[in-house]
Amino acid sequence: MTDPITCPECEGSKGQRLGRLFLACRFCGGLGWVGGHNEPAERGEAEPPERPAAWEHRIWSDPAVAAALGCRYCLDSGTVAHLDEAARTLVTAPCRCRL
């Protein structure tokens, strides 16, 4: 651990303001200083937990949402989209609810 110092990324401003929106500095976590218990080197960047697919989200257990939207995959639009980051393309296909 080190003594607290002013954050080198935000220079103590704690983040950046964009209109009414305030974005906290990712390096210091919006504190404006680093060191002590707020040492980025000692945080140990862990992998974020795997997020469930959108159609497996817990919101679908809400009866009002389930009644309003018939298909969880396309949200009643009739097409599903997939972003292929490796090929840098957006692929769309008809949803299985419309076949």
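Can you give the helix-only mean residue ellipticity at 222 nm for the chain, where every DSSP H stretch with n ≥ 4 adds -39500 (n - 2.57) and the sum goes over all residues, rounded to the nearest 500 deg cm²/dmol?
-1500 deg cm²/dmol
Just want to confirm a number: the relative contact order over the chain, from Cα pairs under 8 angstrom separated by 6+ residues, in percent.
That works out to 17 percent.
Considering only protein heavy atoms, what per residue accessible area in square angstrom results for the chain with a 1.4 angstrom probe?
That works out to 84 Å² per residue.
Please identify which residues in the range 78-99 have an amide N closer than 13 Å to a label point set 7 Å out from the Cα of residue 66, following the Cα→Cβ vector.
none
Once the other residues with Cβ under 13 Å from the Cβ of residue 56 are scored (Lys, Arg +1; Asp, Glu -1), what is the net sum?
Here the count lands on +2.
Given 20 °C and 1.002 mPa s, compute D for the chain with the Stokes-Einstein relation, Rh being the Kirkwood radius over Cα pairs; round to the nearest whole µm²/s.
119
Please give the contour-minus-distance gain from residue 56 to residue 6: 0.36 nm per residue of separation, less the Cα-Cα distance, rounded to one decimal in nm.
Computed gain between residue 56 and residue 6 is 13.7 nm.
The values are calculated or read from the model by the stated rules, or taken from the named source; none is laboratory data. Quick caveat: nothing in here was measured; it's all calculated off a predicted structure. So basically every Cβ, Gly included, is an ideal-geometry build from the backbone, and we count neighbours across all protein chains shown. The protein model used for the area step is the full one, side chains on, heavy atoms only, and it has no ligands, DNA or RNA in it. Shrake-Rupley method; radii C 1.70, N 1.55, O 1.52, S 1.80 Å.
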